[in-house]
Each structure stands twice: as C-alpha cells, then as structure tokens.
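Peer 1: Okay, here's the structure, questions in a sec.
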Amino acid sequence: MLDVTLIRTHPDRVRDALRKRAVDADIPAFLALDAAFREARTAVERLRGERRRISADIAVRHRAGEPAAGLRAEAKDLTGRLTAAEAELARLAREHQDFLDALPNLPDDDVAAGGKEHNRVVRVTGTPPGFEGFAPRDHVRLSEDLGLIDHRRGTRLAGSGYWVYRGEGAALEWALLNHFLDTHRRAGYEFVLPPHLLTREAGYTAGQFPKFADEVFRTDDGHFLLPTAETALVNLHRDETLDEAELPLKYVAYTPCYRKERGGYRTAERGTLRGHQFNKVELFQFTRPEDSDAAHRELLECAAELVAGMGLHHRVTELAAGDISPAQARTYDVEVWLPSLKAYAEVSSVSNAREYQARRGGIRYRPRGGGRTAYVHTLNASGLATSRLLPAILEQCQRADGTVEVPAVLRRWGAPEFLRPRVTRG
C-alpha cells in the first residue's frame, strides 16, 4: 500500500510513477475523496465530543436533582446526527481504502517505463550449448524417453496442467530441492515449512488481494492455496514491531505452488513449463530501508549462482515497470536458455517491495536508540523454481546417444550421473 501522505504531498510524482506501469490512477479524484474523508472524520470526532459533554452535564444534573429534559432532547438529536455522520464516514473510509488497495507499488525512479519489450539484459553467463552431429530433442520428448515425467497419468489424476514425477525424475526433482535448501541454510537463511492454506489477510498483505483474488485456488472455508511461499513468509511478522537488532531476518521455505495457469499444446507451454502445481524454494528478507538494496543484490546472486553452479547458460534481466508484479518496486529475473524454444525462461524472480507489503501488513521495526518506529522493507527471490529448471537441464545437458548428464552438484543428493532412455510404461 502506498503512503497516503506521499500522494497528498507529491501527487504528480505518484501519477507519473504509476504511468510507467501503464496505470492511469485518478489522483485528483482521490485527493478530493481524501479531503472529504478527513472532514467527515473530524465531524464525527466533534459530535462524539459533544455527546460526551452532554452526557456529563446530564449526569451532573441527575446527581443534583435538577431537571435535564432539555439536555436529553438535545442528546437524542445529537445521536441521530452522529449516526448519520458515522455512516457517511464509513462509506468514505471504504472508498478511500478501496482506492489505496487497488494501487500497485511505485517502481523505483530508475526503472524503465513500459512493458516487457523494455526489459534490459544486464548480464549473460556462459554460451548456448552446441549440438554437433545430432538433432537435439526438446524437454517434453526427453522427459518421456527417459521415463522422468508421466503427463498422461498426471492428467488422469488431476486434469490438464498436472504431471507425475517418476523414478529418476522424482529423484532429480528432490535432489534439486535438497541442493537449494542446503545452499541457502549454509548461507544463513532459516528454514521454514509454512502452511499451504492461508487466510485472506495473508493474500492482502502480500499485495495479491484484492486484485488477484480470483486467480488462486480457494477452499469452502475461506482459505486459499498459496501461489508462492512468499505469500506465507511475508506474513510471518504481520502486525509485529521488530527490534532493529533482529534485522535482517532471512528465511528460506520449500512449498509446492498452486496457480490457475492455463496450459496449451505448443512446446512453449507443454511439459512442466506451465502448470497448476510446481515446486519452488523461496528466499525472503525483512530489512532496514537503508539495507534493502544490498539485500536485493545478495538475493540475486544467491539465485544466479545456483544456476551457474549447474553449468547452465543463463542471463539476468532487469524488468521494466509494466512487467513487474504490482507489489514490487524493482525486479530482476534469472532466465535459463531452452534450446528447443531458442528462448530464455525465468527460473527466479528477485524483487524488492520496499515498504509496500509492510504497510499492508503492519510490519515495523523499533530503532536501537529509540524514536519512532518505521516500516521494514521486504524482499523475495525464487531460489529456485524447478518446473522450468528441469527442462533446461534436460535440453542443455543432452548427448547424442539420448542420455543426459546430470550436473555434478546434484549427485550427492541421490541424482544419477547420467539419465538414460528407458522403456516407457504402458
């Protein structure tokens, strides 16, 4: 949520920043609403003060045995006016809050305006693999030939957009997750296994609700399945005031992620590239505002080094304002090369929300030397998502005989040295 004082004092700055996202908010209309809201709040406070005064006068007259009929009539009239004023204040408060809830975060000043066509590649690591003497297979064909993923039975179990990891495929998936978690724990991140079912308040704090409330899977009792562990981690300290000495707080979580993605029949959407459920390790930090830029760089390197450590060709892209999720102020994507698509696919999104989520969740910190509390900054990164990383491993590490060499860092976690074609089960 944006600071309403910032909107009041710098309306043009807010309007221009939102336009970088192609969001044309009616700031003058909000300022008029804000003025009416504050006037209504003052009026209610004044009427409540008058009611307290009249009630006190009636009590004094009652104790003195003096008549108070006139005051009671005045109190009755005042109660009617107060009821109407409170109803008007409630209406204005809802409109005021609805406007603020709908506003996305302001992108950082130096973030490029526009959509994904204005994203900027900031570095490229490695070179695309060459395949001399053979035609490389795509990840869908490889996963089938190697007996790693059973799409047909996944669809039978849950419908389109689901799959089953089997045999060495399940072992490789689990090796990836163990490798990521071990790496981040050794770097000082506390391991968390959060609930997969969350309340509406959790979605609101993360900035996903109300705008994206229809894009999650819901249960009959009002909960929803988390679309990312970020939604849970940002809520760990909701409505808390932390001590500055505690910061930064660093967490790493593993969860499946549940999303209403729409799959397709093209290779770009087939396989595990898009689905309703996938595995992801998530990194999260709560920091002081002055430390958040350094924390963002740290998270980016955590994600990029994991990809580099597996020997995969990849790049880092800084997203333009229109391609950044609504709750974030700046985002870098780590993207792996998929030879079959001749394109890159995102395996980590590394974002800084500044104080946007902390405002929505009431997450503050208390300075060491005393003084006023302030909002923390929140940051998150995929570290990493596996559903696009596995296709990249299969395609980049395949050999002419149909085998795939598994990155060496995964072998200590039970992954084989090579994945070999097998007879597909019927």
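The values are calculated or read from the model by the stated rules, or taken from the named source; none is laboratory data. All values derive from a computational prediction rather than experimental measurement. Every residue, glycine as well, gets a Cβ built from its backbone with ideal geometry; the counts of neighbours run over all protein chains shown.
Peer 1: Can you name the number of the only condition in (1) in the same structural domain as residue 385 (by TED's automatic domain parsing); (2) on the phi < 0 side of the Ramachandran plot; (3) touching a residue at least 12 places away in the same chain (Cβ under 8 Å) that residue 111 fails?
Peer 2: (1)
Peer 1: Name the pairs: first residue in the range 131-145 and among the aromatic types (Phe, Trp, Tyr), second residue surrounded by fewer than 17 Cβ atoms within 10 Å (Cβ to Cβ), Cβ to Cβ under 7 Å, at least 6 apart or on different chains?
Peer 2: Here the result reads 134/400, each pair linking the range 131-145 to a residue that is surrounded by fewer than 17 Cβ atoms within 10 Å (Cβ to Cβ).
Peer 1: Does residue 365 meet the test of being of a type in the set (Phe, Trp, Tyr), in contact with an Asp or Glu (Cβ under 9 Å, 6 or more places away or on another chain) and surrounded by fewer than 24 Cβ atoms within 10 Å (Cβ to Cβ)?
Peer 2: Taking the combined requirement at face value, the residue does not satisfy it.
Peer 1: May I ask you to list the residues in the range 200-225 that are polar (S, T, N, Q) and either within 13 Å of the chain's Cα centre (by Cα) or closer than 21 Å to residue 353 by Cα (or both)?
Peer 2: 205, 208
Peer 1: Shifting gears a bit: So which residues in the range 73-89 are surrounded by fewer than 14 Cβ atoms within 10 Å (Cβ to Cβ) and either among the small types (Gly, Ala, Ser) or modelled with pLDDT under 90 (or both)?
Peer 2: Scanning the range 73-89 gives 73, 80, 84, 87.
Peer 1: For residues in the range 17-33 being surrounded by 19 or more Cβ atoms within 10 Å (Cβ to Cβ) and among the charged types (D, E, K, R), which is farthest from the chain's Cα centre (by Cα)?
Peer 2: Among those residues, the one meeting the criterion is 20.
Peer 1: Oh, and also: Which residue pairs have Cβ atoms under 8 Å apart, sit 6 or more places apart or on different chains, and have a first residue in the range 86-107 that is assigned by TED's automatic domain parsing to the domain that holds residue 31 and over 21 Å from residue 209 (Cα atoms) and a second that is among the aliphatic types (A, V, I, L, M) and modelled with pLDDT of 95 or more?
Peer 2: 86/44; 88/40; 89/40; 89/43; 89/44
Peer 1: Any idea how many residues of the range 155-192 are over 26 Å from residue 230 (Cβ atoms), touching a Lys or Arg at 6+ places or on another chain (Cβ under 9 Å) and crowded, with 20+ Cβ neighbours inside 10 Å?
Peer 2: 1
Peer 1: Conditions: (1) modelled with pLDDT of 95 or more; (2) surrounded by 14 or more Cβ atoms within 10 Å (Cβ to Cβ); (3) not assigned by TED's automatic domain parsing to the domain that holds residue 399. Residue 142 meets all but one. Number of the miss?
Peer 2: Unmet for residue 142, out of (1) modelled with pLDDT of 95 or more; (2) surrounded by 14 or more Cβ atoms within 10 Å (Cβ to Cβ); (3) not assigned by TED's automatic domain parsing to the domain that holds residue 399: (3).
Peer 1: Part of a loop (DSSP other than H, G, I, E, B), modelled with pLDDT under 95 and either of a type in the set (Gly, Ala, Ser) or not assigned by TED's automatic domain parsing to the domain that holds residue 319 (or both): which single residue out of 188, 130 fits that description?
Peer 2: Only one candidate qualifies: 130.
Peer 1: Within the range 59-68, identify whether any single residue is small (Gly, Ala, Ser), surrounded by 17 or more Cβ atoms within 10 Å (Cβ to Cβ) and part of a loop (DSSP other than H, G, I, E, B), and answer yes or no.
Peer 2: Checked the range 59-68: at least one residue is small (Gly, Ala, Ser), surrounded by 17 or more Cβ atoms within 10 Å (Cβ to Cβ) and part of a loop (DSSP other than H, G, I, E, B).
Peer 1: Another question about this same structure. Taking strands (runs of 3 or more DSSP E) that do not extend beyond the range 221-321, which have at least 1 residues that are buried (at least 20 other Cβ atoms within 10 Å of the Cβ) and among the aromatic types (Phe, Trp, Tyr)?
Peer 2: So the answer is 249-258, 277-287.
Peer 1: Let me ask you something else. Please specify each residue of the range 370-403 satisfying the condition of being in contact with a Gly (Cβ under 7 Å, 6 or more places away or on another chain) and either under 23 Å from residue 294 (Cα atoms) or aliphatic (A, V, I, L, M) (or both). Talk me through it step by step, then tell me what you get.
Peer 2: Initial filter on the range 370-403 (in contact with a Gly (Cβ under 7 Å, 6 or more places away or on another chain)): 387, 391, 400.
Correct list: 400 only.
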